[in-house]
Amino acid sequence: MLLFTTSESDRDLAGILELQRANLPVNLSGDEIQQQGFVTVQHSMADLLQMHQYEKNIIAKDGDKIAGYLLGMTENSKADIPLLVPMFEVFDTIIFNGKPVSEYNYIVVGQVCIGKAYRGQGILDKCYTAYREHFISGYDFAITEIDTNNQRSINAHQRIGFKEAHRYTDPNQTEWSIVIWDWKKDN
């Protein structure tokens with residue numbers, strides 16, 4: 001039976017990193033990337049420990065094994081992972097419900113991953129339910145960006161309730177969809 005909870009230990013963070021490594025494009029076939037999706041950023045233990053100082057992550061645990069995770073990232077983490085600084089800068093340019101995103105208190109879904117053996121069982125939905133329950137009292141909404149080549153992730157986020165707020169192409173010619181799950185609207 002899976003437990004949906006927050007990351008509490010270095011062991012939890014190590015499990016997140018193990019699952020993340022298995023789902024980086026370099027470790028997947030072309031078919032897996034197309035059909036199952038992928039994660040983009042490879043974090044270090046130091047990255048996760050730094051992020052963990054501000055907010056915990058939501059994890060699905062099968063015993064001691066991490067079956068899935070949703071990273072919790074705040075603006076406080078903005079400069080901690082240089083690769084993600086441009087994402088935060090784009091967030092600052094977006095107008096949402098008549099005001100700049102920067103005027104809201106938001107939580108960034110730093111990354112999402114469900115292990116291969118656990119997919120298709122509704123675990124992502126349950127992780128997002130736990131994410132919302134954990135963070136709703138402190139944040140107006142959840143925001144993230146998704147590589148538009150990751151159609152599985154785009155479809156899953158739409159199903160959860162995320163709506164596209166902006167789309168842009170980065171200097172590497174990767175197109176990103178920035179999506180927001182408005183908790184105040186869905187409350």
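The values are calculated or read from the model by the stated rules, or taken from the named source; none is laboratory data. In this text the structure is predicted, and so the values were computed from the model without any measurement. Glycine gets a Cβ as well: all are built from the backbone with ideal geometry, and neighbour counts include every protein chain shown. To get the accessible areas, we keep the full protein, side chains included, count just its heavy atoms, and leave off ligands, DNA and RNA. Shrake-Rupley method; radii C 1.70, N 1.55, O 1.52, S 1.80 Å.
Restricting to segment 125-187, compute how many DSSP beta bridges are antiparallel as a %, nearest 5.
The answer is about 100 percent antiparallel.
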Show me, for segment 79-90, the HN-Hα J-couplings you get by feeding each phi into the Karplus relation (A = 6.51, B = -1.76, C = 1.60, θ = phi - 60°), rounded to Hz, glycine and proline as x. 8, 6, 10, x, 4, 9, 4, x, 4, 4, 5, 5
Going through the cross-link list LYS61/LYS163; LYS78/LYS185; LYS56/LYS99; LYS78/LYS99, which pairs have a Cα-Cα distance over 23 Å in this structure? LYS61/LYS163; LYS78/LYS185; LYS56/LYS99
Under the rule of -39500 (n - 2.57) per DSSP H run of 4 or more residues, summed and divided by the residues of the chain, what mean residue ellipticity at 222 nm is obtained, to the nearest 500 deg cm²/dmol? -9000 deg cm²/dmol
Computed for segment 86-170: size of charge dipole around the Cα centre, +1 on C-beta of each Lys and Arg, -1 on C-beta of each Asp and Glu, debye to nearest 20, value 500 debye
Tell me the carbon and sulfur percent of the accessible area for the chain, rounded to whole percent, probe radius 1.4 Å. 47 percent
From the protein chains alone at 1.4 Å, what is the descending order of accessible area for ILE180, ILE33, largest first? ILE33, ILE180
Among ILE58, ILE95, ILE146, whose mean-square fluctuation peaks in a Gaussian network model of the chain (Cα, cutoff 10 Å)? ILE95
Checked against the positive end of the charge dipole of segment 74-187 (+1 on Cβ of Lys and Arg, -1 on Cβ of Asp and Glu, about the Cα centre), the farthest of SER153, ILE94, THR169 is SER153
Which cross-chain or sequence-distant (5 or more) residues have an amide H under 5 Å from the amide H of LYS163, H modelled 1.01 Å from N in plane? ILE180, TRP181, ASP182
Global geometry of segment 137-182, whether rounded, prolate or oblate, following the gyration tensor of its Cα atoms and the 1.5 cut on a/c: oblate
Would you kindly compute the Cα radius of gyration of segment 1-82 and its largest Cα-Cα separation (Dmax), both in Å? 13.2, 37
Once the principal axes of the Cα atoms of segment 64-187 are found, what is the range along each, listed largest first in whole angstroms? 38, 35, 27
Size of electric dipole in the chain: Cβ of Lys, Arg +1 and of Asp, Glu -1, about Cα centre, debye, nearest 20: 500 debye
